[in-house]
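Data block below; observations after.
No value in this document is a laboratory result; all are computed from the given coordinates. Keep in mind that this is a model prediction, so the values were computed, not measured. Backbone-built Cβ (ideal geometry, glycine too); neighbour counts: all protein chains shown.
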Amino acid sequence: MGKKVYLAGPEVFFNEAASISQAQKLCCALRGLKGLVPLDNEIPQTNSKQETAEAIVRGNLKMIQACDYVVANLSNFRGYKRHPCCDSGTAWECGYATALQKPVLAYTSDIKSIPRIMRRFIGYRIDGKLPKALEFVAEYGLRFEDIPTPKFDRIIQLDPMRPSIQDADAFGAFRLGYAFGIGKNVAYTISDKRSLIEKYGPIDRNGVKFEDFDAPVNIMISVNHKLK
């Protein structure tokens with residue numbers, strides 16, 4: 001099997017997540033690549049939601065560390081049509097991979113879902129199709145050079161600029177992931193401390209479930225300054 005590709009994206013929240021992951025891995029195999037997906041992680045039984053969240057994050061981090069490339073679905077997720085927004089947890093993983101100098105290629109159906117400043121640090125395709133993104137990886141090797149260094153403060157504000165978006169600010173999440181990847185212990189603030197489920201219920205307006213970890217943001221972000 002060829003190069004390893006970590007497949008990041010919000011698909012893990014979907015009811016059909018398992019079948020989507022299998023299809024993604026097959027898509028990789030047909031192009032001579034080995035797909036790594038979060039659902040492949042074996043999560044041990046734990047005593048708390050926090051421990052479970054940390055186990056999931058550690059599993060995802062190990063996959064990113066082991067991969068040659070990251071291919072991320074940064075299409076609109078929980079943003080509105082007028083104000084699309086990519087999944088903040090996926091943005092965090094893109095930042096972490098960038099810090100590890102892993103080439104990151106994102107695909108999206110709407111370029112507006114990727115914050116403009118974040119596009120400076122990753123490659124992206126505007127077709128919203130995983131197969132085309134993988135063909136680019138398989139054919140060209142995804143070699144990005146001279147990637148600038150994201151700048152960040154000691155504390156990063158994660159409140160979205162538009163409260164209508166049911167997620168944290170994507171570029172703030174990207175910077176937190178990058179900071180974590182280079183060993184910086186950077187804190188974040190968010191004004192609404194309620195969990196996602198407390199704020200929105202068990203599913204969002206599109207029928208997609210929220211993580212039940214008593215966290216106000218995606219778990220990749222919520223454990224950012226607790227893992228060592």
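Quick rundown of the values:
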quantity: Other-chain or far-sequence residues with amide H under 5 Å of Ser75's (modelled H); calculated: Ser109
quantity: Packing-based exposure ordering (other Cβ within 10 Å, fewest first) of Lys151, Lys129; calculated: Lys151, Lys129
quantity: For the range 202-216, 3J(HN,Hα) per residue [Karplus equation, 6.51 cos²θ - 1.76 cosθ + 1.60, θ = phi - 60°, Hz, x = Gly/Pro]; calculated: x, 10, 8, 5, 9, x, 9, 6, 8, 6, 9, 10, 6, 10, x
quantity: Tally of Lys pairs whose C-alpha atoms are under 28 Å apart, taken over the range 40-183, 8 or more apart or cross-chain; calculated: 15
quantity: The chain - charge dipole about Cα centre, Lys and Arg +1 at Cβ, Asp and Glu -1, debye rounded to 20; calculated: 500 debye
quantity: For Ile156, distant residues with modelled amide H under 5 Å away; calculated: Ala187, Tyr188, Thr189
quantity: For the range 156-171, 3J(HN,Hα) per residue [Karplus equation, 6.51 cos²θ - 1.76 cosθ + 1.60, θ = phi - 60°, Hz, x = Gly/Pro]; calculated: 10, 8, 9, 4, x, 5, 10, x, 6, 8, 7, 6, 7, 5, 5, 5
quantity: Pairs of alpha carbons in the range 50-123 whose separation is greater than 18 Å (percent); calculated: 41 percent
quantity: Under 5 Å, built H, 5+ apart or other chain: amide partners of Asp68; calculated: Lys4, Val5, Tyr6
